1. Only one residue in 114, 81, 16 is touching a Leu at 6+ places or on another chain (Cβ under 7 Å) and either acidic (Asp, Glu) or surrounded by 18 or more Cβ atoms within 10 Å (Cβ to Cβ) (or both). Which one?
2. Only one of 5, 13 is in contact with a Lys or Arg (Cβ under 9 Å, 6 or more places away or on another chain), modelled with pLDDT under 95 and either in a helix (DSSP H, G or I) or at positive phi (or both); which?
3. Can you say whether residue 64 is crowded, with 16+ Cβ neighbours inside 10 Å and under 17 Å from residue 109 (Cα atoms), as far as the supplied structure shows?
4. Can you find even one residue in segment 84-91 that is open to solvent by 40 Å² or more (accessible area, probe 1.4 Å), basic (Lys, Arg) and over 12 Å from the mean Cα position of the chain (by Cα)?
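The values are calculated or read from the model by the stated rules, or taken from the named source; none is laboratory data. Because the structure is a prediction, the values reported are computed rather than measured. For neighbour counting, all protein chains shown are included, and Cβ atoms are generated from backbone atoms with ideal geometry for every residue, glycine included. These area figures cover heavy atoms from the full protein model, side chains too; ligands, DNA and RNA do not enter into them. Shrake-Rupley method; radii C 1.70, N 1.55, O 1.52, S 1.80 Å.
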Amino acid sequence: LHRLIRRQRQMCIRDRFKAILDFIRANYAAAIDVPQMASAAGVSERECYRIIETCAGTTPAAYLRAYRINRACELLAHTTRTVQTVARQCGFITASHLGQVFKEQMGCTPSSYRAARQNLDSTRQKSR
């Protein structure tokens with residue numbers, strides 16, 4: 001019985017984590033916060049912190065920041081949009097803010113990341 005209760009709780013946590021992720025995916029370009037994430041999953045802010053810590057090993061803010069940076073990486077690598085446009089589309093107020101967070105997370109600037117990815121892609125195409 002104890003195992004069954006634990007398993008049901010884990011499934012419930014996963015379902016709530018999925019609801020939080022779905023909310024982030026749908027709204028990452030906007031200014032979102034923990035109360036909104038919690039509301040999307042039908043939990044308290046404290047429980048939202050617990051769920052994300054349990055499932056992703058990080059805080060809600062850090063998870064959102066990493067999600068936004070990953071999305072920025074995709075846009076930089078596969079589009080010709082300006083860094084300013086990518087910043088806005090990924091929830092950063094300015095290109096400068098994106099640059100600061102990007103460098104902290106990725107170890108390079110958005111422009112240098114784009115250049116490196118484009119060089120990598122052109123090298124792959126030549127080798128085919």
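1. Values: 81 fails: either acidic (Asp, Glu) or surrounded by 18 or more Cβ atoms within 10 Å (Cβ to Cβ) (or both); 16 fails: touching a Leu at 6+ places or on another chain (Cβ under 7 Å).
One residue alone meets the criteria, 114.
2. Values: 5 fails: in contact with a Lys or Arg (Cβ under 9 Å, 6 or more places away or on another chain).
Answer to the selection: 13.
3. Values: crowded, with 16+ Cβ neighbours inside 10 Å: yes; under 17 Å from residue 109 (Cα atoms): no.
Spelling it out, it is not the case that residue 64 is crowded, with 16+ Cβ neighbours inside 10 Å and under 17 Å from residue 109 (Cα atoms).
4. yes
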